[in-house]
Structure formats: structure tokens, C-alpha cells
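Below you'll find the structure, written out as C-alpha cells, and then a few comments.
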Amino acid sequence: MAKKKPEESRREFNVGEQVRVKLRTGETVSATIKAVITKTKSVRLQVDYGKDETALVYDWQVVEGR
């Protein structure tokens with residue numbers, strides 16, 4: 001049986017949007033999107049959270065719901 005291709009991200013992200021992301025440390029934080037990067041196969045987001053903290057996360061790290 002052939003491998004299934006991963007589903008395309010159906011959600012669009014906009015600069016300035018408030019989202020919740022799960023960081024690689026396991027911590028979930030509220031963040032503001034500063035940049036949307038689409039050069040790779042998946043979407044990457046540059047986010048700002050906390051006091052002077054930033055992270056580059058994949059779109060699948062965005063947690064749905066509030």
C-alpha cells in the first residue's frame with residue numbers, strides 16, 4: 001500500500017493574528033504572528049510571545065481553540 005501524502009494546511013495565517021502554539025519544550029503559549037514563511041513545503045511562522053521572546057514554528061504546532 002502506498003503512503004498517503006500529508007494533508008495540505010487548510011488554515012491561512014495572517015501577520016498580527018493571535019494564536020496559541022506548542023513550543024518544542026512542551027509549553028503552550030499565546031503568541032502573535034510576525035511573519036509567515038512559505039518557501040518550504042510546509043508553512044513556518046515567526047511568532048512573538050512573552051517578553052522579548054520569539055520562535056520559528058511549523059503550522060502544525062498551532063493549537064486550535066483558546
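The numbers here are math on the coordinates, done by the rules we state, and not lab data. A quick note: this is a predicted structure, and the numbers were derived from the prediction, not measured. Backbone-built Cβ (ideal geometry, glycine too); neighbour counts: all protein chains shown.
Observations on the structure shown:
- Protection proxy ranking, peptides 57-64, 35-42, 46-53, average beta carbon neighbours within 10 Å, highest first: 57-64, 46-53, 35-42
- Subtracting the Cα-Cα distance of V15 and E64 from 0.36 nm times their residue separation leaves 15.9 nm of extension gain.
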